[in-house]
């Protein structure tokens, strides 16, 4: 009885995601869906990325959290159009939540929307929201076995940021092992080793993201 | 349309969880449901806890993972009865999965079953599996804002282990702020500051867990 229900939910979600995608295309807005476990560094990455790109691109942010506005407060402090979605318990964002949030953004004056999904290494990957790219963060403190144990998100992400590299001396994380597993799940994934704490490695990420925006804008 | 479906799933789960609970009572088995984000240290905690208690208690372990047997291989290496549940995508264990796994355990010769849930700070808390206690781990690398952002699991857990305290000098984690938030969510929660890497703080955890087992056995 359970599988058909889940399939129906995913099918309904896909229809709305397709509508979102058409709207984004029409408005010329590049959309990134940023996912990770809780505490891997999504909001810290956003703060740095927005500071780097906001003078050249008009960016809106949709913050997904079960409750509270900690993260959207941090983003709004950067003078960025921000919408908070409180899922009230749900462990992921779906396309309908995004559609509803879009009414609060000035879509005619945006180049990019970044969606910060609920912190969860599983469910967010299952729900298309109409994004151009799924991106994800894996923190070195989570362990090098996570790609093997939670493969779906890795296999669907265009880019992966391996964050908290400043903590590498203090944790047991085999970078080669992790990357070998990830490349098997998605051979063309772009991987960046970064520290959102000290900023190491982030320039390459900004450059790559900018190329994605430009490629999308060029059609 | 979505809420009634979810309610039906949870209601069906509760019925099976009640059956599991009756079975555990009948067999005199204390059951712990261990939950956390991916990589917070569930398997490392289990390895240490099993090594400490296995000479005095007959313990079985149910390992929940989306795929693979990394964790159950680590536990079975300690000469512990271990069952692996591969959820094939599902982000949590439910009562029916536990019921099915129980057939592989020698229930007449166990004092305790520890269930290591799928790494996820959201969904596992929603599904009763018939356990005596939900326990959870929060790693200091995840950040002190997590109780506020993911309140349900904290509010339902009898005990919380704040793990990776060896990394406190290198991360920005306000222990008082985290604990104040947690105590508001669940005033009677028992909190242990531990490092599963160097073993600090774990003796108090073993003692407390042993008291829980004894209290259950005493009825």
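What is the mean number of Cβ atoms from other protein chains located within 10 Å of the Cβ atom of each residue in peptide B:163-169, rounded to a whole number? Mind dumping the intermediate values first?
Details: counts 0, 4, 0, 2, 5, 0, 1.
If you average over the peptide's residues, the count of other-chain Cβ atoms is 2.
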Neighbouring partner chain Cβ atoms per residue of B:115-125, average, 10 Å criterion:
5
For chain A, with a Gaussian network of springs between Cα atoms less than 10 Å apart, report the residue from A:89, A:41, A:60 with the top mean-square fluctuation.
A:89
On average, how many beta carbons from a partner chain sit within 10 Å of the beta carbon of a residue in A:145-155?
4
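Under 8 Å for C-alpha pairs, at least 6 residues apart: give me the relative contact order for the range A:2-217, rounded to a whole percent.
On the way: 393 pairs, mean separation 52.8, N = 216.
About 24 percent, as a whole number.
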Provide an ascending nm list, one decimal, of label-point separations from residue A:183 to the equivalent residue in each further copy; define each label point as 7 Å from Cα along Cα→Cβ.
5.1
Inter-label distance, nm, simple model (7 Å from Cα along the C-beta direction), residue A:208/residue B:7
4.6 nm
Would you mind calculating the gained length between residue B:175 and residue B:106 on full extension (0.36 nm times residue separation, minus the Cα-Cα distance), in nm to one decimal?
20.7 nm
Taking a quarter of the surface of the convex hull around the Cα atoms of the protein assembly as shown, what do you get in nm²?
20.4 nm²
What translational diffusion coefficient, in µm²/s and rounded to a whole number, does the Stokes-Einstein relation yield for the range B:24-179 at 4 °C and a viscosity of 1.567 mPa s, taking the hydrodynamic radius as the Kirkwood radius over Cα pairs?
81 µm²/s
Which distances, in nm and shortest first, link the residue B:67 label point to the same label point in every other copy, taking 7 Å along Cα→Cβ?
3.6
Taking each label point as 7 Å beyond Cα in the direction of the beta carbon, state the distances from residue B:206 to the same residue in the other copies, shortest first, in nm.
5.1
What is the residue of chain A with the smallest Cβ distance to the axis taking A onto B, and what is that distance in whole Å?
A:141, 2
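Where a number appears in this text, it was derived from the coordinates with a stated rule and is not lab data. Here the structure is a predicted model, which is why all the values come from computation and not from measurement. Don't worry about glycine lacking a Cβ; one is built from the backbone with ideal geometry, like all the others, and counts go over all protein chains shown.
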